[in-house]
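In what follows, a structure is listed as structure tokens, so that the remarks can point back to it.
The values are calculated or read from the model by the stated rules, or taken from the named source; none is laboratory data. For clarity, every value in this text was computed on a predicted model and none was experimentally measured. So basically every Cβ, Gly included, is an ideal-geometry build from the backbone, and we count neighbours across all protein chains shown.
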Amino acid sequence: MKILNLLFFNLMSLLCVAGYAEPNLRLSSYDLPPYIGQNLNNQGALYEIVTAAFVQAERLVEIDFFPTTRAINFALIGEYQAVFPVTYDAVMSGKFLVSEPIASYQLGLLGKKSIEASGAKISEATTIAVLRGSISEQAKIAFAPAQFLYVSRNEQAMKMLYAGRVNYVLIDKFNAADLMVDQFPYMIGQFTFPKQFIESIDLYVAFSKKSAQAQENLASFNSALKQLKAQGVIDSLMNRHGLLLFEQSAEHKVLRIATVANGDMVLMQRLSREYEQLHPAIRLDWRVLDESILRRRLLSDLAIGEGQYDVMTIGSYEVPVWDKQNWLSPLTDLPEDYDQADLIDVIRDSLSYNGELYALPFYGESSMTYYRRDLFDRAGLTMPAEPTWEQIRTFAATLHAPDEGIYGLCLRGKVGWGENITNIGTLVNTFGGQWFDLQWVPQLDTPAWHQAVNVYVDLVQSFGPPDTYKNGFSENLRLFAEGHCALWVDATVAAGLLFDAGRSTVADTVWFAPAPVALTPKGSAWLWAWSLAIPSSSKLQAEAKDFIAWATSKDYINRVAEYEGWLAVPPGTRKSTYANKNYRQAAPFADYVFDAINSANPRDATLTANPYTGIQFVAVPEFTAIGNFVSQSINAVLQGKLTVDQALAKSQAFTLDVMKNAGTAQ
């Protein structure tokens, strides 16, 4: 985190310098997820790398997105000074001045698993779909004498492969996996990349020779890029987007761990140095990621059978879905002192399948309403024992004072089924809605959904901070802790930080109430458990199990209390924590949180009967694609790009299409 914070500071400083420069470069680009794209966080790692390099060179750039061929042609004719990302070949170098590599990607042939099992071969009868303009002539030589079919979008190529119209798709591994996660969940697990057809391909910025300053711009860019690499900025940006590959070690067994970037997990990473001291033959290699990026990278890894990780941070959604795919190892034969019976029943059950644990809970949570007692007292307001959303709106309207830096209500707006959908999903539940009826027909265009989403959008736009569409759990936690939110409806896990005077400016004034309700209390508060699991692909099963047992043990909780205080211990997992007098004395919210977690019922969370398990999510494989699409659509409403009616109509159509392709909805 220190590296990322320093990186952010440095980039902001550079942007201030660049602010005095005349905007003098226009670059064309195209969507190549997960490396660059209009819908990615900050437009993706390559967007940030290229922008940072030009800022380092004190040049302001404007980057526009087009289809691949148009992006290249615009630079070729000189309408744009450069295009990226491009691959290198003799044709390209003859028409452009090509930079030093900005990154690389793993290009390979994606085919059905049955092809690999029978021995993947290339012949004149082999057909390969490839994105037009995305691959050099030189690179295609490696796949001779196959026949190439050109497509305008990789989505089209994936559909052709699924339908059996081509033998392979020539595509980046991450890109293929992300497409399955986001759009084609029914394809997950059906395809693979034969190892003999994978090659690391460098990506570049190509400067148009039509520009009089091309040589000068190239030299400045290359010099700045070299500096950023030396400073570790490039690796930090790639890591932040989950694209930094693990290094190998010949001296240690390396446990490759992927976890979420929040305070509790960062603390675990810090305390894990003790674990390494006790186990000198083990080295822990961490990837600490934004929660939406974490989910994407983990599922993408499983989608194509990469096996990058030994320990995965997952939750109550993944266990029942992933275990059916045989992606997780059962956690049997845990140490005798682990004390499984001490785990809170509903949390343990949410991480079990057929009576066996497949993940160990690091912390568990429900949701509740945080509010500032000082602001309520000053305004003469009283928080009821069981607030409604209508009352929350009245309170937010009264306390909203943006000129004073105080916003009436903070809610998640950030894209991700684990971000804004957590608020929206519980709102839909309490307004009487649900994701599917008993026949698995999507219900996203029903009156209950319209009412709930309109309430959400009204609250965010009327009383939320500016640019709420960018804010998730971490951003709102910081806003509330710094005194900028009068009310906040979110995870109970935040209470430990907000009540800690060493980490929160409102520790003396914050208090709590249940999550708001509307038509029904069912599903008005969520249930979640961030947990540690071992993918079945890990070659270090015993070592991984030993580590996750250590990190989720009663002894670990006691170590956190010793170093950081009882307010900092991971909550929501063990009965013994809530029976501990020291914790109860430090945490006035302990009883409420314990009861909220225990009363959550993921099997009965909607007003009318439904066929699924889950409160703020639906425990089916297709939900990652559906949840993210709905999340993006409603996020677009917050940005003024769609209306609520348009967003829900699009979401209904997408969900129906996904479920039909999965063979679920009729």
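Summary table below
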read-out	value
Residues (farther than 30 Å from MET383 by Cα and acidic (Asp, Glu)) located in the range 342-369	ASP342, ASP345, ASP349, GLU356
Filter result for the condition that a residue is outside the structural domain of ARG287 (by TED's automatic domain parsing) and modelled with pLDDT of 95 or more, over ALA163, ALA146, ALA157	ALA157
Residues satisfying the stated conditions in the range 383-406, i.e. of a type in the set (A, V, I, L, M, F, W, C) and touching a Phe, Trp or Tyr at 6+ places or on another chain (Cβ under 7 Å)	MET383, ALA396, ALA397
Residue within the range 615-623 that is more than 24 Å from the chain's Cα centre (by Cα), charged (D, E, K, R) and surrounded by fewer than 22 Cβ atoms within 10 Å (Cβ to Cβ) present	no
Single match in SER462, SER474 (criterion: in contact (Cβ under 8 Å) with a residue 60 or more places away in the chain, under 24 Å from LEU40 (Cβ atoms) and either touching a His at 6+ places or on another chain (Cβ under 6 Å) or of a type in the set (Ser, Thr, Tyr) (or both))	SER474
Leading residue by the ranking (surrounded by the most Cβ atoms within 10 Å (Cβ to Cβ)) among those in the range 624-650 that are in contact (Cβ under 8 Å) with a residue 12 or more places away in the chain and either hydroxyl-bearing (Ser, Thr, Tyr) or in contact with a Gly (Cβ under 7 Å, 6 or more places away or on another chain) (or both)	SER631
Lone qualifier among ILE392, ILE347 - being under 27 Å from the mean Cα position of the chain (by Cα) and in a helix (DSSP H, G or I)	ILE347
Options ALA495, ALA549, ALA533; residue that is in contact with a Pro (Cβ under 6 Å, 6 or more places away or on another chain), among the aliphatic types (A, V, I, L, M) and at negative phi	ALA549
Considering residues of the range 296-329 that are assigned to a loop (DSSP other than H, G, I, E, B) and out of contact with any helix residue (DSSP H, G or I) (no Cβ under 8 Å at 6 or more places or on another chain) only, the residue farthest from ASN239 (Cα to Cα)	LYS324
Among residues of the range 427-439, those that are surrounded by fewer than 24 Cβ atoms within 10 Å (Cβ to Cβ) and within 26 Å of the chain's Cα centre (by Cα), counted	1
Tally of residues being in contact with a Pro (Cβ under 8 Å, 6 or more places away or on another chain), closer than 19 Å to TRP322 by Cβ and either surrounded by fewer than 24 Cβ atoms within 10 Å (Cβ to Cβ) or among the aromatic types (Phe, Trp, Tyr) (or both) across the range 340-374	6
Answer residue from the range 275-295, given it is aliphatic (A, V, I, L, M) and part of a strand (DSSP E or B) and is farthest from the chain's Cα centre (by Cα) among those	ILE282
2 or more residues hydroxyl-bearing (Ser, Thr, Tyr): qualifying strands (runs of 3 or more DSSP E) within the range 37-119	103-112
Out of VAL151, VAL83, VAL130, sole residue that is touching a Ser or Thr at 6+ places or on another chain (Cβ under 6 Å), among the hydrophobic types (A, V, I, L, M, F, W, C) and under 24 Å from LEU203 (Cβ atoms)	VAL83
Contacts under 6 angstrom Cβ, first residue in the range 359-388 being in a helix (DSSP H, G or I), partner among the hydroxyl-bearing types (Ser, Thr, Tyr), 6 or more apart	ARG373/THR509; ASP374/THR509; ALA379/THR398
Residue match in the range 407-416 (condition: assigned by TED's automatic domain parsing to the domain that holds ALA448, in contact (Cβ under 8 Å) with a residue 60 or more places away in the chain and assigned to a helix (DSSP H, G or I))	no
Condition met for LYS113 (basic (Lys, Arg) and either closer than 22 Å to GLN190 by Cα or not assigned by TED's automatic domain parsing to the domain that holds PHE221 (or both))	yes
Members of the range 204-229 that are in contact with a strand residue (DSSP E or B) (Cβ under 7 Å, 6 or more places away or on another chain) and buried (at least 19 other Cβ atoms within 10 Å of the Cβ)	TYR204, VAL205, ALA206, PHE207, SER208, ASN217, LEU218, PHE221
Residues within the range 32-47 that are farther than 15 Å from ASN175 by Cβ and surrounded by 23 or more Cβ atoms within 10 Å (Cβ to Cβ), tallied	1
Some residue of the range 396-403 being closer than 30 Å to SER553 by Cα and not in a loop (DSSP other than H, G, I, E, B)	no
Options ILE188, ILE201: the member that is aliphatic (A, V, I, L, M), within 27 Å of the chain's Cα centre (by Cα), surrounded by 15 or more Cβ atoms within 10 Å (Cβ to Cβ) and under 18 Å from ILE135 (Cα atoms)	ILE201
